[in-house]
Each structure stands twice: as C-alpha cells, then as structure tokens.
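**Q** I am attaching a structure below and will ask some questions about it afterwards.
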Amino acid sequence: MQKYFVAPEQFGEHYIEISGQDAHHVTHVMRTKEGDLFIVSDGEAREALVEYTSVEAGTVKARIVEMRELDREPHYDIVIAQSLPKGDKMELIIQKCTEIGAASFVPFVSERTVVQYDAKKEAKRIERWSKIAKEAAEQSHRNRVPSIAPCMSWKQLLQHVSSYELVLFCYEDERGTQLRDIVHPFVMERREHKGNAKVMIVVGPEGGFAPREVEEITSAGAHCVGLGRRILRAETAGMLALACLLYETGEMGGV
C-alpha cells in the first residue's frame, strides 16, 4: 500500500490534505480513485490509513479511516557518515541505507575524497538527497524520514565522535578487529539500558582513508573495524555495516 509523508499541520481531526508533488503522485502517478486507501504519516508520532475523497486546486483531501500505531524504526539511532563518493553514488547510499534503517546521514570530505566540494551547490544537493530519503522511507514504510546534515570537513567530523555511544570506523586495512568483535559486546552490555543508542558508522571514499586519519579518529574514540576479508566499494561498505549492526541488535529476531 502506498505511503506518503506530510507536514504535521496537514493532519486534521477527520481529514488530511496533501499538496505539492505528493498530490500529483496521488492523482496522476497512482491514478487514485474515490474510495481508494493509502497511508499518510507526519514523520513524527501520527500515521493514518486514509480514504481518497476528492482533489481541488491541486490539493488532495483524504478521510482518516483509522489511526495506526505501527513502529518500524530500529531501536538504535544509526548515522551513516559517508565521505563524498564520485558521481551519483551518494544517492544510492542514501536510498538503500534509508530502506535498511539509517536514522540520518552525515556527508563529509576527507583527505582522499575525489569529489570537488562546492558549497554553492550544497543546498540543491541536500534538497535532492532529502527527496530520495523521503521516497525511500515511503517505499519501505518507515515511521520517519532520515535527515541529511550539511557536508562536514574531516575536522568537524572528529569533533562529533564524542557525541555517540559507539563509532565504527570502517577501514579496509584492519585485519584483527572485525565489526562483530566490537558490536556484539556493545549490544550485550546495552540490553539493560532504556532509550535508543546513538551509533555512527564512518565510511571512506573510493581511495580509502589516509593513515593520519585512522590515528586521529581512533584517538577521538572511534573503533577501527574491518568488514570481512574482501575489499568493498565505498557505496557498499555502509550498507553492509548497517545491516550487520541491525542484525546484532535483534532487528531480524533473536536478541
């Protein structure tokens, strides 16, 4: 069933109004007819099953059939910190990691980042990435849309390490410590705690990280981890690390 995210103020007591591109999608892409059902969420605390009733001046009106209390969010708030990759790879990373369960994204520039960062284009780029995150969250029926932070420098990223309970620094040259060596004990220790754990996964660009960066981020408190015996692409590493972390936390059953 199709799902849409709308602003909280679009939720009424009995009806919800949908405007802009979402209204166009309802009427012209999905060709929704009177009586058809779909889901609407405000991205915060409310989600409703609604019935399409009418469209006027480009605004769709839908009657609330029932409020829903489904929670599809992970118990951990996991941030993907990704050094800017080439081309449109960041779009793929945001789309797939949103589907898997990332809470937010922090793009950054590191020593071996190939992309030439252009601050003038940042607003447009974040707008594009945010749209991709919204569409992926709708497709996967998330309860909220992941946020996209402004692009950080390496120095700025280091300053954020202490804000997280666990920071996993994915490094292809790490041979001794694998992801599970760090994650499993952390999950076991945190089982008695209430509230969501804040975790950051740091992934490098196509050329990987410089030795200096490895020293700096581990000194700041991050755990340097490997992701198996194979070398992964920049756009693959974050997805794998995120999926493995969620598995260890019991997202797929077990713990």
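The values are calculated or read from the model by the stated rules, or taken from the named source; none is laboratory data. Keep in mind it's a predicted model, so treat the numbers as computed, not measured. In this analysis, Cβ positions are derived from the backbone assuming ideal geometry, glycine residues included, and neighbour counts consider all displayed protein chains.
**Q** Helices (runs of 4 or more DSSP H) wholly in the range 142-240 with at least 2 residues that are of a type in the set (Phe, Trp, Tyr) and touching an Asp or Glu at 6+ places or on another chain (Cβ under 6 Å) - which ones?
**A** none
**Q** Turning to a different aspect of this structure: Among the residues of the range 189-210, what is the count of those that are within 19 Å of residue 75 (Cα to Cα) and in contact (Cβ under 8 Å) with a residue 12 or more places away in the chain?
**A** Count: 8.
**Q** A further question on this structure: Being in a loop (DSSP other than H, G, I, E, B) and either more than 29 Å from the chain's Cα centre (by Cα) or not aliphatic (A, V, I, L, M) (or both) is the filter here; which residues of the range 25-68 pass it?
**A** Hits for the range 25-68 are 31, 32, 33, 34, 35, 36, 42, 43, 44, 46, 57, 58.
Residue by residue, here is whether (1) under 16 Å from residue 144 (Cβ atoms); (2) among the basic types (Lys, Arg) holds:
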position: 1; (1), (2): no, no
position: 5; (1), (2): yes, no
position: 23; (1), (2): no, no
position: 26; (1), (2): no, no
position: 31; (1), (2): no, yes
position: 39; (1), (2): yes, no
position: 45; (1), (2): yes, no
position: 50; (1), (2): no, no
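**Q** Scan 227, 240, 245 and give me the residue that is in contact (Cβ under 8 Å) with a residue 60 or more places away in the chain and closer than 28 Å to residue 87 by Cα.
**A** Testing whether each residue is in contact (Cβ under 8 Å) with a residue 60 or more places away in the chain and closer than 28 Å to residue 87 by Cα leaves just 245.
**Q** Read through the list (1) among the hydrophobic types (A, V, I, L, M, F, W, C); (2) part of a helix (DSSP H, G or I); (3) within 29 Å of residue 124 (Cβ to Cβ), then give the number of the only condition that residue 244 fails.
**A** (3)
**Q** Within the set of pairs 6+ apart or on separate chains, which have a first residue in the range 91-109 that is assigned by TED's automatic domain parsing to the domain that holds residue 147 and more than 12 Å from residue 74 (Cβ to Cβ), a second that is hydroxyl-bearing (Ser, Thr, Tyr) and surrounded by 24 or more Cβ atoms within 10 Å (Cβ to Cβ), and C-beta atoms under 6 Å apart?
**A** 108/83
**Q** I need a count of the residues in the range 211-224 that are without any contact (Cβ under 8 Å) to a residue 60 or more places away in the chain and surrounded by fewer than 17 Cβ atoms within 10 Å (Cβ to Cβ).
**A** Of the residues in that region, 4 qualify.
**Q** Still on this structure, I have one more. Please work out if residue 154 is under 19 Å from residue 219 (Cα atoms) and either surrounded by 14 or more Cβ atoms within 10 Å (Cβ to Cβ) or of a type in the set (Gly, Ala, Ser) (or both).
**A** yes
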